[in-house]
Amino acid sequence: MNLDDWEFIWKRQPLPVGNSADIEKLRQTFEASHRRLARVLLVRDLTEAGAGVFVTVVFGLIGWHMGRKGWPFVLVVALCLGVTAVFVRERMRARRGRVDPSAPIRVKVESDLAELRHQRRMLAGIVGWYIAPIFLACMIVMATITVQTPPGSLQRAPLFMGGMILFMVGVNVGVWALNRNAVRKQLDPRIAELEKLKDAFTPEA
């Protein structure tokens, strides 16, 4: 799973300016932004789910090849499937909540607002459902392979193991930081823009 899978969705859209956005410009660009949001969420969900299935199969085969000594890979497979299930659920939720293309623009704005708020909640809890399971799965893989590796090999050297752990910690901290930055610079301002646009509509719009 890519380091910036969660941030690319916001980078693909023009940088929002929040409450200072021009209402008329928001009206003119909304339809394109509405379609782009749905498209990039679709790509994200399918990419992450596909990557999760692939990683699950690979780890499952490794554990199977190791025989009884590879039993910890059952935990790894379960963790990977859990993360994958999140994206499958997201895709099913998106299909159920899809707005008809002919719906009034106010309905589409409200739909996008609900979607962006949902995405914000997901990013706020990313440590629990994404970062922690992936980190734990990687630690189990490393520990299992280390135990099965003959003494004196590179995989059992303290310096090597320490470096790998620091690398994994760095990657996960990077994922967390990227998503916090995406919320602050991209997601929150876009929510503010859509709230402003929604408030500008007359009741009949």
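What follows is calculated from the coordinates using simple rules that are stated; it is not laboratory data. Fair warning: this is a prediction, and the values are worked out from it, not measured in the lab. Glycine gets a Cβ as well: all are built from the backbone with ideal geometry, and neighbour counts include every protein chain shown.
Every test in (1) touching a residue at least 40 places away in the same chain (Cβ under 8 Å); (2) closer than 30 Å to residue 142 by Cβ; (3) surrounded by 17 or more Cβ atoms within 10 Å (Cβ to Cβ); (4) not polar (S, T, N, Q) is passed by residue 108 save one, and that test is (2). Restricting the stretch 64-75 to residues that are in a helix (DSSP H, G or I) and free of Cβ contacts under 8 Å to residues at least 40 places away in the same chain leaves a set whose member that is surrounded by the fewest Cβ atoms within 10 Å (Cβ to Cβ) is 68. A count restricted to the stretch 133-163 and to residues that are surrounded by 14 or more Cβ atoms within 10 Å (Cβ to Cβ) and closer than 15 Å to residue 75 by Cα stands at 11. Among residues of the stretch 80-101 that are farther than 19 Å from residue 127 by Cα, those with a Cβ under 6 angstrom from a residue that is crowded, with 16+ Cβ neighbours inside 10 Å, sequence gap 6+ or separate chain, pair up as 91/45; 99/108; 99/111. Suppose the filter is in a helix (DSSP H, G or I), loosely packed, with under 14 Cβ neighbours inside 10 Å and small (Gly, Ala, Ser); does residue 114 pass it? Spelling it out, residue 114 is indeed in a helix (DSSP H, G or I), loosely packed, with under 14 Cβ neighbours inside 10 Å and small (Gly, Ala, Ser). All of (1) surrounded by fewer than 17 Cβ atoms within 10 Å (Cβ to Cβ); (2) within 12 Å of the chain's Cα centre (by Cα) hold for residue 90 with one exception: (1). Count of the stretch 167-205 residues, restricted to those that are loosely packed, with under 13 Cβ neighbours inside 10 Å, over 22 Å from the mean Cα position of the chain (by Cα) and in a helix (DSSP H, G or I), is 1. Considering 91, 120, the condition of being charged (D, E, K, R), under 26 Å from residue 173 (Cβ atoms) and either out of contact with any strand residue (DSSP E or B) (no Cβ under 6 Å at 6 or more places or on another chain) or part of a loop (DSSP other than H, G, I, E, B) (or both) is satisfied by 120 alone.
Within the stretch 161-188, residues that are closer than 13 Å to residue 139 by Cα have Cβ atoms under 7 Å from residues that are in a helix (DSSP H, G or I) in these pairs: 161/146; 164/142; 168/135; 168/138; 172/131; 172/135, counting only partners at least 6 apart in sequence or on another chain.
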